[in-house]
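Quick note: the coordinates plus some simple rules give every number you see, no bench work behind them. Computed from a predicted model, the values in this text were never measured in an experiment. FYI the Cβ positions are ideal-geometry reconstructions off the backbone, even for glycines, and counts take in every protein chain you see.
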Amino acid sequence: MRGLRKRYGAALAVDDLTFTVPPGRVTGFVGPNGAGKSTTLRLILGLDRPDGGTALVGGRPYRSLRRPITHLGAMLDASAVHPSRKASDHLLWMAHAAGLKKARVAEVLEQVGLSSVGRRAVGGYSLGMRQRLGIAAALLGDPPMLIFDEPVNGLDPDGVRWIRILLRSLAAEGRAVLVSSHLMSELEDTADHLVVIGRGRLIADTDVRSLLAAA
Ligand code: ADP
Ligand code: ADP
């Protein structure tokens, strides 16, 4: 993100934001509700146009990528899948719609621990299982960068622990992982690096270890 800016009416939701999400690390994106996190993520994903600055994915704007899901996977919220649809059919459809030659359905179901229930209708899934399906969809294109918007919202402690382990392992594979939260405490055990924003502006961009050492 370089000098990223987004205005809604008179108010600046994102105000001159510059930061980098490096590979091989979990970058926590923290700020109170209304700070501008979702707006920033929407700008990265090309779902909205910035009023200034640029958001680049591997050096290019998201909208210019030919097969975006092979560059960036995003779990924004539990996606609305028809309840009668099987998870595996949903993923197969997504892979084809995204223009992937090879649908890695079995692999991503395995990665999120849904192999044994992948052929069941999504209507019978718990919230935690739906979150995992959303993550499986984000992993379909084997992207080098992943975005998770408030991924632990509504999860029980086991689900939270599972997400933490998954994020760490995705970073250990060399991926750039960006995870947002309105709670610093949710990220201090998970993130290597924290980008803190408030009222659309950068407040801190810091290594978690040095932050904790200074506290
Ligand atoms: P966060 O994700 O950190 O909670 P948001 O990015 O959702 O913050 O919101 C940042 C600011 O922009 C808030 O003041 C919010 O009310 C405003 N905002 C977000 N989206 C819109 C929109 N579509 N229209 C008008 N204002 C918006
Ligand atoms: P919640 O998020 O609502 O707490 P969970 O996703 O943790 O729910 O699980 C709800 C139920 O689904 C539990 O009984 C759990 O054992 C079962 N379940 C979750 N994931 C799987 C899986 N991969 N295979 C089989 N059963 C599962």
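Before moving on, here are some points about what is shown:
- Using only alpha carbons, segment 151-215 has a radius of gyration to Kirkwood radius ratio (Rg to Rh) of 0.97.
- Both radii were evaluated on the Cα set of segment 91-215; the Rg over Rh quotient, with Rh as the Kirkwood radius, amounts to 1.01.
- The chain - mean residue ellipticity at 222 nm from DSSP helices (-39,500 (n - 2.57) per run, n ≥ 4, rounded to 500): -9000 deg cm²/dmol
- For segment 206-215, Karplus couplings with θ = phi - 60° (6.51, -1.76, 1.60), whole Hz, Gly/Pro x: 8, 6, 5, 4, 6, 5, 5, 5, 7, 6
- Amide H partners (placed H, <5 Å) of ASP51, local residues excluded: ARG5, LYS6, ARG7
- Among ARG25, ARG199, ARG66: highest mean-square fluctuation, GNM of the chain, C-alpha pairs under 10 Å: ARG66
- One decimal place: the segment ASP51-SER115 gains 18.7 nm when fully extended, by the rule 0.36 nm per residue minus the C-alpha distance.
- Where the Cα pairs of the chain fall when distances are cut into 5 Å bins, in %: 1, 7, 15, 19, 20, 16, 12, 7, 3, 1, 0
- Mean Kyte hydropathy of 0.0 or more with a Cα span along the axis of at least 20 Å, helices from DSSP in the chain: 157-172
- Overall form of segment 19-94 per C-alpha gyration tensor (a/c, 1.5; a/b vs b/c): prolate
- Peptide packing: for 100-107, 39-46, the average count of neighbouring Cβ atoms within 10 Å per residue gives the ranking 39-46, 100-107, highest mean first.
- DSSP beta bridges confined to the chain are antiparallel in about 45 percent of cases.
- Here the simple spin-label model places points 7 Å from the Cα toward Cβ, and for ARG209 and ALA98 these points are separated by 3.2 nm.
- Segment 1-30 and segment 100-150: distance between their alpha carbon centers, rounded to Å: 27 Å
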